[in-house]
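The values are calculated or read from the model by the stated rules, or taken from the named source; none is laboratory data. Being a predicted model, the structure only gives us computed values, none of them experimental. Cβ atoms come from the backbone with ideal geometry, glycine included; neighbour counts cover every protein chain shown.
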Amino acid sequence: MAELPVQRRLAAIAVADVVGYSRLMGADENGTLAALRQLRTEILNPTVREHGGRIVKVMGDGVLVEFASAVNAVTAAIELQNKMAQANEPMPENRRIVLRIGINLGDVIGDGSDIYGDGVNIATRLEALAEPGGVCISGKVFDDVRDRVTVRFRDLGEKTLKNIARPVRAYALNTAPAPSIPPVAHGMFPSLAVLPFENMSGAPEQEYFVDGIVEDIITALSRFKSFAVIARNSSFVYKGHAVDVRQIAKELGVRYVLEGSGRRAGNRLRISAQLVDGISGAQIWADKFDGAFEDVFDVQDRITESVVAVVEPKIQRAEIDRSRRERPESLDAYDLYLQALPDVFVSRPEANARAIVLLERSIAIDPGFAPALAMTGQAYLLRVAMQFPGASNADAERALAVARAALAIARDDAMVLSYGAFVLIHMGVDYQTGIALLRRAISENPNNATVLQQAGVGALLGGDLGEAADYLQRALRLNPNELGTHWQLTGMAHIRMAEGRYEEALDWAMRSQAVNSGYDANHWMLIAANAYLGHVDEARKHLAALESISPGVNLARIRRGQHAIDPHRIEVLIEGMRMAGMRKSGD
């Protein structure tokens with residue numbers, strides 16, 4: 001009889017162990033066993049279940065737990081240690097049950113309900129390194145969660161672990177004593193499961209293609225650091241089963257679910273996808289994507305890009321809507337950051353001021369929250385660049401300070417890298433470093449429209465108009481109707497202005513005007529392009545509109561807020577606005 005193939009899967013494994021178990025049992029065996037049963041019933045089981053974990057087995061004084069994601073494993077471990085510390089508070093020192101927890105991310109081998117392999121062995125060895133009341137994680141777990149949870153990690157260096165061939169880098173989360181345990185921010189970063197798409201063709205030979213698209217989507221979405229994506233092996237458990245999306249979300253511990261189907265007819269392929277709120281079951285977004293089945297890899301890449309490009313901004317909008325429903329007193333760093341985003345993108349003085357207040361509150365709660373630091377830099381940059389009322393050198397200094405703080409902890413977060421780099425470029429501080437960081441951000445996530453937008457405007461500031469146009473048009477193709485689109489459209493208008501293509505510049509500026517009629521920089525384009533084209537009345541009409549929303553605007557003020565390696569891109573605008581009659585200064 002042929003042997004069944006070994007069933008391997010990627011999982012986050014947590015191993016917990018009771019510190020001083022023998023001492024506790026020696027002092028009071030019955031009492032210790034009763035306390036452990038109570039611990040499992042009232043604290044351990046509910047916490048694991050809440051974070052989408054599965055208790056694999058209980059081993060006397062220890063427990064082995066499997067999670068679908070490293071983020072879920074770490075947040076569950078921190079919450080468990082918090083609850084244990086609270087439960088121990090009224091207990092005498094010699095009766096307290098204290099846990100050590102080790103977490104690893106790696107391959108495991110399934111054997112019925114049990115799991116084993118190096119992935120489990122490493123977690124067990126890491127547990128022994130953890131401090132009482134603490135958590136020790138592997139380098140793989142650290143890489144996956146470092147910007148997604150609010151706790152701090154201490155690098156323990158490379159560790160040689162018993163019966164493990166290679167050294168393992170370890171990090172400690174010291175969660176003792178109880179008062180110093182940093183709480184896990186409620187709702188910090190959403191999570192997403194991508195379910196296997198249904199093969200509607202009915203042909204088994206098409207199954208590989210539909211599965212391949214889903215795997216590519218999971219891989220591409222995992223590049224976004226604004227949400228966690230459940231591993232393929234966890235979500236593919238549901239392949240071929242009709243299960244309620246809300247139940248799946250509960251079991252996997254995710255907030256959003258992406259599901260879909262694929263159908264091939266002759267040489268045509270159609271992929272349908274929908275994003276669903278895992279709590280309410282409400283559909284957030286749905287669309288269809290068509291392609292010709294001539295080059296299987298090309299159509300797979302194009303469909304993946306199309307789906308991925310729209311999912312991230314839809315999740316962001318859903319998160320913003322969710323945060324607005326939160327009670328003001330319950331807002332955490334992440335919610336405050338979310339609420340600030342629309343005000344940053346509106347690009348008006350009063351909205352900008354609101355955004356800065358919210359973002360400063362966010363980073364006061366969590367000074368290490370890189371996305372909020374990066375967006376704070378962007379908000380201050382806008383205040384200076386647009387010369388909003390009250391803009392000062394202090395705002396420029398603050399923009400640089402928070403941008404540098406964000407870059408110091410950004411690592412592979414493409415969005416954080418791009419916003420931080422853009423501040424360096426726009427403030428005229430370090431153009432070469434800024435451009436290098438923007439290119440690195442694109443390599444980290446080529447499907448992020450925001451990253452491409454920042455790279456496009458960064459290239460424009462440096463005078464590389466061809467590269468700037470390429471980036472901005474890619475951003476518009478990926479994300480044509482989301483927050484910040486007017487920046488991309490105005491950027492294209494600015495490029496065409498610098499190239500002397502005034503008709504095209506006017507077309508781009510009119511498109512931007514339709515998206516956001518209150519953006520100062522786009523009014524500059526409308527005024528200058530019309531002036532160069534001899535449309536004097538139109539130019540003056542747009543000048544009057546700008547003066548109504550930005551009282552006291554003048555050429556000197558606009559020039560003061562703009563920096564560039566190549567001054568031509570500013571001077572061509574200044575000259576066009578001068579031709580339309582804009583005042584030289586505020587005198």
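Here residue 544 fulfils each of the conditions (1) crowded, with 19+ Cβ neighbours inside 10 Å; (2) at pLDDT 95 or above apart from (1).
Yes/no matrix, rows are residues, columns are (1) over 29 Å from residue 545 (Cβ atoms); (2) of a type in the set (Phe, Trp, Tyr); (3) modelled with pLDDT of 90 or more:
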position	(1), (2), (3)
482	no, no, no
489	no, no, yes
529	no, no, yes
532	no, yes, yes
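Do you know which of the residues in the range 367-387 that are surrounded by 20 or more Cβ atoms within 10 Å (Cβ to Cβ) and not in a helix (DSSP H, G or I) is nearest to the chain's Cα centre (by Cα)? Don't jump to the end; show me each part of the working.
From the range 367-387, those surrounded by 20 or more Cβ atoms within 10 Å (Cβ to Cβ) are 369-387; that's our starting set.
Narrowing further to those that are not in a helix (DSSP H, G or I): 369, 386-387.
Values: 369: 11, 386: 27, 387: 30 Å.
By that ranking, first place goes to 369.
Scan the range 235-248 and tell me whether some residue there is touching a strand residue (DSSP E or B) at 6+ places or on another chain (Cβ under 7 Å), crowded, with 18+ Cβ neighbours inside 10 Å, at pLDDT below 80 and part of a helix (DSSP H, G or I).
Step one: filter the range 235-248 for residues touching a strand residue (DSSP E or B) at 6+ places or on another chain (Cβ under 7 Å), giving 235, 245, 248.
After this cut, where a residue has to be crowded, with 18+ Cβ neighbours inside 10 Å as well, the list is 235, 245, 248.
Subsequent filtering for residues that are at pLDDT below 80 retains 235.
Narrowing the set further to residues that are part of a helix (DSSP H, G or I) leaves 235.
For the range 235-248, residues touching a strand residue (DSSP E or B) at 6+ places or on another chain (Cβ under 7 Å), crowded, with 18+ Cβ neighbours inside 10 Å, at pLDDT below 80 and part of a helix (DSSP H, G or I): present.
Residues of the range 489-505 that are closer than 11 Å to residue 533 by Cβ, surrounded by fewer than 24 Cβ atoms within 10 Å (Cβ to Cβ) and touching a Phe, Trp or Tyr at 6+ places or on another chain (Cβ under 9 Å): 502 alone. Checked against (1) modelled with pLDDT under 65; (2) more than 24 Å from residue 272 (Cβ to Cβ), residue 205 passes all but a single condition, namely (2).
In summary, residue 103 fulfils each of the numbered conditions (1) outside any strand (DSSP E or B); (2) hydrophobic (A, V, I, L, M, F, W, C); (3) in contact (Cβ under 8 Å) with a residue 60 or more places away in the chain with the single exception of condition (1). Tell me, please, whether a residue that is of a type in the set (Gly, Ala, Ser), crowded, with 19+ Cβ neighbours inside 10 Å and at pLDDT below 90 can be found in the range 147-162. Checked the range 147-162: no residue is of a type in the set (Gly, Ala, Ser), crowded, with 19+ Cβ neighbours inside 10 Å and at pLDDT below 90.
Test residue 569 against the criterion of being in a helix (DSSP H, G or I), crowded, with 20+ Cβ neighbours inside 10 Å, touching a helix residue (DSSP H, G or I) at 6+ places or on another chain (Cβ under 6 Å) and modelled with pLDDT under 90, and give yes or no. Judged against the criteria, residue 569 is a match. Collect the residues in the range 435-460 that are under 16 Å from the mean Cα position of the chain (by Cα) and of a type in the set (A, V, I, L, M, F, W, C), keeping them in residue-number order. Passing the criteria: 441, 442, 449, 451, 452. Condition first: outside any helix (DSSP H, G or I) and at pLDDT 90 or above. Can you find one or more residues in the range 392-408 that meet it? Checking the range 392-408: at least one residue is outside any helix (DSSP H, G or I) and at pLDDT 90 or above.
One line per residue, one yes/no per condition, for (1) in contact (Cβ under 8 Å) with a residue 24 or more places away in the chain; (2) surrounded by 18 or more Cβ atoms within 10 Å (Cβ to Cβ); (3) of a type in the set (Val, Ile, Thr):
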{"residue": "40", "(1), (2), (3)": "no, no, no"}
{"residue": "50", "(1), (2), (3)": "yes, no, no"}
{"residue": "60", "(1), (2), (3)": "yes, no, no"}
{"residue": "64", "(1), (2), (3)": "yes, yes, no"}
{"residue": "68", "(1), (2), (3)": "yes, yes, no"}
{"residue": "72", "(1), (2), (3)": "yes, yes, no"}
{"residue": "77", "(1), (2), (3)": "yes, yes, no"}
{"residue": "84", "(1), (2), (3)": "yes, yes, no"}
{"residue": "90", "(1), (2), (3)": "no, no, no"}
